[in-house]
Amino acid sequence: MQYGPAVRRRKLGTELRDLRTRAGLTSIEAARLVGWHQSKVSRIETGSSGVKPADVRRLLDAYDVRDPELRELLLVLAGGEDGGGGRQNWWHAYRGVLPPTYRDFISLESQASGMRTLETSVVPGLLQTPEYARAVTLAAVGGLPEDKLDTLVEVRIARQDVLHGDPPLELNALLDEAVLRREVGGPEVMARQLRQLWEAAALPQVRLQVLPFTSGAHVGVTGPFVIFSFSNTTDLDVVVLDHLTSSLYLERKEDLQAYVEAFNALQIHALSPEESLDYIAGIAAGA
């Protein structure tokens, strides 16, 4: 049985391997400490096998890992603990509706300390109004029964709780001007969405910048992407690229570095957060 989507298994395995190494243990010695065969430790570390939260606790105890935040994060990656908040695994209730890659995305989003996102077509999901989310979902997945459409919109809005957690997710969003100009759901829906963007940008945990058309061609024209960051360890950071029917997760350090550098370069070309607020307000006013 697999105890979590592939990307979480790989991330968890990588971190457990690094913790074992830091503890000065070989995989054979670690297996002996917890009473397993060495092959089980190897399968967990390569992500080829799922792992129960109880087994993660045994390994963390064997490696003398006492950092409560790191332990909690790794347990959630294993599909277990909810951190005491009761909401970390809320998306499991939608298992029959959400594809595995989307559940995986929500899982990473719920545990990340920071999220950098470049959007070139639509408003980021964490900043969408319900009406806007409904219009986007209809466009992306046409022909859905009304109840499934309602459920997907409900999930989209429920995800936004991460911006108001303790601590909240720090969202750093770059929006191409096309995101603001594209009339999704009609003029009234778009007007409300622009107002919500303006209000969200005033939150201390949200940094929003606009890439105006006048900035010309930039690396972002190749498509949107998301970078998840984790406060405990950069080994868990990951880039997510969305496609029509699936998502691609980039975990290699060189890939992460390339996308972080691209995001940083785009920030330089973008309007400042203050200028971006004025720009959004101008578009909302019909300027």
Can you give the net charge of the other residues whose Cβ lies under 10 Å from the Cβ of Val239, counting K and R as +1 and D and E as -1?
-1
Please give the helix 253-269 orientation as an angle from the longest Cα principal axis of the chain, in degrees from 0 to 90, rounded to the nearest 10.
20 degrees
Mind checking the angle between helix 273-284 and the chain's longest principal axis? C-alpha axes, 0 to 90 degrees, to the nearest 10.
50 degrees
Using θ = phi - 60° and the Karplus curve 6.51 cos²θ - 1.76 cosθ + 1.60, what whole-Hz ³J(HN,Hα) does each residue of region 45-53 get, with Gly and Pro shown as x?
5, 8, x, 7, 9, x, 9, 6, x
A 1.4 Å probe over the protein heavy atoms gives the chain a carbon and sulfur accessible-area percentage of 53 percent
Among residues other than Leu144 whose Cβ falls under 11 Å from its Cβ, what is the net charge (Lys/Arg +1, Asp/Glu -1)?
-1
Taking Cα atoms, how many degrees apart are the long axis of helix 6-22 and the longest axis of the chain, rounded to 10 and kept between 0 and 90?
50 degrees
Set Lys and Arg Cβ to +1 and Asp and Glu Cβ to -1, take the dipole of the chain about its Cα centre, and tell me which of Thr46, Tyr279, Ser27 lies farthest positive.
Ser27
Which of [x] 77, 45, 36; [y] 69, 43, 32; [z] 58, 45, 38 is the computed Cα extents along the principal axes in Å for the structure on display?
[y]
Near Leu171, within a Cβ-to-Cβ distance under 9 Å, what is the net charge of the other residues, with Lys and Arg +1 and Asp and Glu -1?
+1
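The values are calculated or read from the model by the stated rules, or taken from the named source; none is laboratory data. Quick caveat, the model's predicted, so the values are computed rather than measured. Cβ coordinates were reconstructed from backbone atoms using ideal geometry, including for glycine residues, and neighbour counts include every protein chain displayed. These accessible areas exclude ligands, DNA and RNA; they are computed on the full protein's heavy atoms, side chains included. Shrake-Rupley method; radii C 1.70, N 1.55, O 1.52, S 1.80 Å.
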